[in-house]
Amino acid sequence: MRIGHGYDAHRFCTDKPLVLGGVTVESDEGLLAHSDGDVLLHALMDALLGAAGERDIGYQFPPSDNAYKNIDSRILLREVAAILERKNLTVEYADMTIVAQKPKLSPYIEDIRTSVADVLDIPRERVNVKATTEEKMGFTGRGEGISAHAVCLLAE
């Protein structure tokens, strides 16, 4: 068994939709990033890559490469899944936490779980997603952006 942890954070911007876990969330602000800014999938990919003993997503999909400009992070997650497959690793479980003061995410959690499970081609029961606030402390608490943590368990 292999364990991985990932973390990512992005600030809000007004010229992009908000996408979390491959699901578009109703919001006046999206997340500033070279890709679509899906902070949750970015954290998950780093967790998966870490558990596989690979370098992070910035190395795998450099922001200096225009091929990744505004790319759907689900495409990148599929590429990470292919790396795992080549190494004979399977995703046993993924647990993620979104840290955001806004918007309210509870209506989207189940759709996000389904989205992630579909991209990874694993049972939905092997994916968990939670959302929390920071009680108005720090950059997420002040509504400046969103962060996410992910842990995963891989099997050889």
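The values are calculated or read from the model by the stated rules, or taken from the named source; none is laboratory data. In this text, all values refer to a predicted model and were calculated from it rather than measured experimentally. Cβ placement follows ideal geometry from the backbone for every residue including glycine, while neighbour counts extend to all protein chains displayed.
Observations
- Applying the set (1) within 19 Å of residue 42 (Cα to Cα); (2) in contact (Cβ under 8 Å) with a residue 60 or more places away in the chain; (3) aliphatic (A, V, I, L, M) to residue 155 leaves exactly one unmet item: (1).
- Selection over the stretch 68-98 of residues that are surrounded by 13 or more Cβ atoms within 10 Å (Cβ to Cβ) and at positive phi gives a count of 0.
- Enumeration of residues in the stretch 1-22 that are aliphatic (A, V, I, L, M) and surrounded by fewer than 20 Cβ atoms within 10 Å (Cβ to Cβ): 1, 3, 9
- Test: residue in the stretch 10-25 that is at positive phi, modelled with pLDDT of 95 or more and of a type in the set (Gly, Ala, Ser): yes
- One residue stands out in the stretch 26-67 among those that are of a type in the set (Ser, Thr, Tyr) and over 19 Å from residue 98 (Cα atoms): the one that is surrounded by the most Cβ atoms within 10 Å (Cβ to Cβ), namely 59.
- Condition met for residue 148 (touching a Ser or Thr at 6+ places or on another chain (Cβ under 9 Å) and modelled with pLDDT of 95 or more): yes
- Residues in the stretch 129-151 that are in a loop (DSSP other than H, G, I, E, B) and within 15 Å of residue 8 (Cα to Cα): 144 only.
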